[in-house]
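Below is one structure, written out as structure tokens; the observations come after it.
The values are calculated or read from the model by the stated rules, or taken from the named source; none is laboratory data. Please read these numbers as outputs of a predicted model, since none were measured by experiment. Using ideal geometry, Cβ is built from the backbone for each residue, glycine included, and neighbour counts are taken over all protein chains shown. Ligands, DNA and RNA are stripped out before the accessible areas are found, and what is left, the full protein with its side chains, is counted by its heavy atoms. Shrake-Rupley method; radii C 1.70, N 1.55, O 1.52, S 1.80 Å.
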Amino acid sequence: MTALDRSPAAPPPLELTPWRLASLTARGLVSDRRERRRERAGRPHLGRPGRRLLDPRLRAPVFVLGAPRSGTTFLGACIGALPEVSYHFEPRVTKAAARQVYEGTWTEQRAAGVFRRTYRLLLLAAGDGGRRFVEKNPENCFVVPFLVRAFPDARFVQIIRDGRDVAVSHAEKPWLSARSAGTGQRGRGGQAWGPWARWWVEPARTAEFEAASDLTRTAWSWRRFTESACSALAQLPADRVLTVRYEDVVQRPQEAAETIAAFFGHTAAPESLRAALATADPSSIGRWRTALDDDGLADVEREAGPLLRELGYAA
């Protein structure tokens, strides 16, 4: 029996009405404050001494891109250790609105207004006005051209990780799992958990996605997010893009600190960034070698093999 046979019908996507946007904004501001407080409590070097600044202007925002479970959360938090940065983890509104941009259901003017207002509110709520806004949101992999037009001075940091490790790590989460069907759980952007095709799945392959194994779906996710980001970022001037490998960041954190700091205009990496990157866990590299049996590896290879080889992760 396939996942499609045993799963209930996919819940309809949440419509982004004005009321729902307001609700997501309010919830997002609360969760952003809570997450920033928790992150700083766990990492003393992320503290923000000094007075609150109420300046909502956006200056050269930075977007951290990468497939889910590629290390975007770790990298984003490390960048957040830079003293001039106001870092924000997957704002609910822009996470949901990325679909509207991708599908063209909103005009670009409306979408740009929603993104700008959201970021300004986050800056004000955090008291980080005057600092450089940084957002980590994997869905932005699919809307890079829009972000370039909406924020002409924007820059991008992309992290790429071995798709086999990503597939294993992602499959351990409930987001794309067949066992999540019918739970009623939804992600930050309103997407229902379960095996159903997301808006970024190729339209002609939706039934195939839903009938596939969990590992196939997570490998699929890695391929689509990574390909989309790489393709769009390749069109930008080199000085606007920094691409790092997860494996390099984790195995050589001090070199990574210098590279990231230079991209943000530092002549030397601040100690706060070095300390954050030094907490990387090298045991997360190569987990696929013991976690995947022959069938699982075949599932990943079938969906993501060409991109793995193109990026140098497989012979």
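Miscellaneous remarks
- Number of residues in region 213-238 that are free of Cβ contacts under 8 Å to residues at least 40 places away in the same chain and in contact with a strand residue (DSSP E or B) (Cβ under 9 Å, 6 or more places away or on another chain): the value is 1.
- Single match in T243, T267, T259 (criterion: hydroxyl-bearing (S, T, Y) and over 23 Å from P138 (Cβ atoms)): T267
- Residue ID - surrounded by the fewest Cβ atoms within 10 Å (Cβ to Cβ), chosen from residues in region 147-164 that are part of a helix (DSSP H, G or I) and over 16 Å from the mean Cα position of the chain (by Cα): R149
- Odd one out for L236 among (1) surrounded by 16 or more Cβ atoms within 10 Å (Cβ to Cβ); (2) closer than 22 Å to E310 by Cβ: (1)
- Of all residues in region 65-95, those satisfying the criterion of being in a strand (DSSP E or B) and in contact with a Phe, Trp or Tyr (Cβ under 8 Å, 6 or more places away or on another chain) are L65, V85, S86, H88.
- Residue within region 101-120 that is within 19 Å of C230 (Cβ to Cβ) and touching a Pro at 6+ places or on another chain (Cβ under 6 Å) present: no
- Close pairs from region 198-212: first closer than 16 Å to E227 by Cβ, partner of a type in the set (D, E), Cβ under 7 Å, at least 6 apart: W199/E103
- In region 204-249, the residue that is nearest to A81 (Cα to Cα) out of those that are within 18 Å of the chain's Cα centre (by Cα) and among the β-branched types (V, I, T) is V249.
- Consider region 197-212 and keep the residues that are open to solvent by less than 50 Å² (accessible area, probe 1.4 Å) and assigned to a helix (DSSP H, G or I). The one that is nearest to P145 (Cα to Cα) is F209.
- Positions within region 264-315 being at positive phi and without any contact (Cβ under 8 Å) to a residue 60 or more places away in the chain, in sequence order: G265, G312
- In region 172-186 there is at least one residue that is touching a strand residue (DSSP E or B) at 6+ places or on another chain (Cβ under 6 Å), closer than 20 Å to V201 by Cα and modelled with pLDDT under 95.
- Checking S86 against (1) modelled with pLDDT under 90; (2) in contact with a Leu (Cβ under 8 Å, 6 or more places away or on another chain); (3) polar (S, T, N, Q), the condition it does not meet: (1)
- Helices (runs of 4 or more DSSP H) within region 213-315 that include 1 or more residues among the β-branched types (V, I, T) and modelled with pLDDT of 95 or more: 214-233, 246-251, 253-263, 288-291, 294-310
- Residue in region 185-192 that is assigned to a helix (DSSP H, G or I) and either touching a helix residue (DSSP H, G or I) at 6+ places or on another chain (Cβ under 9 Å) or at positive phi (or both) present: no
- Figure legend. Inter-residue proximity from region 111-131: first residues touching a residue at least 60 places away in the same chain (Cβ under 8 Å), second residues among the polar types (S, T, N, Q), beta-carbon distance below 7 Å, spacing 6+ or different chains. Indicated pairs: T118/T25; T118/T94; L121/T25; L123/S86; A126/S86; D128/S86; R131/S86.
- Count of region 96-110 residues which are surrounded by fewer than 22 Cβ atoms within 10 Å (Cβ to Cβ) and part of a helix (DSSP H, G or I): 6
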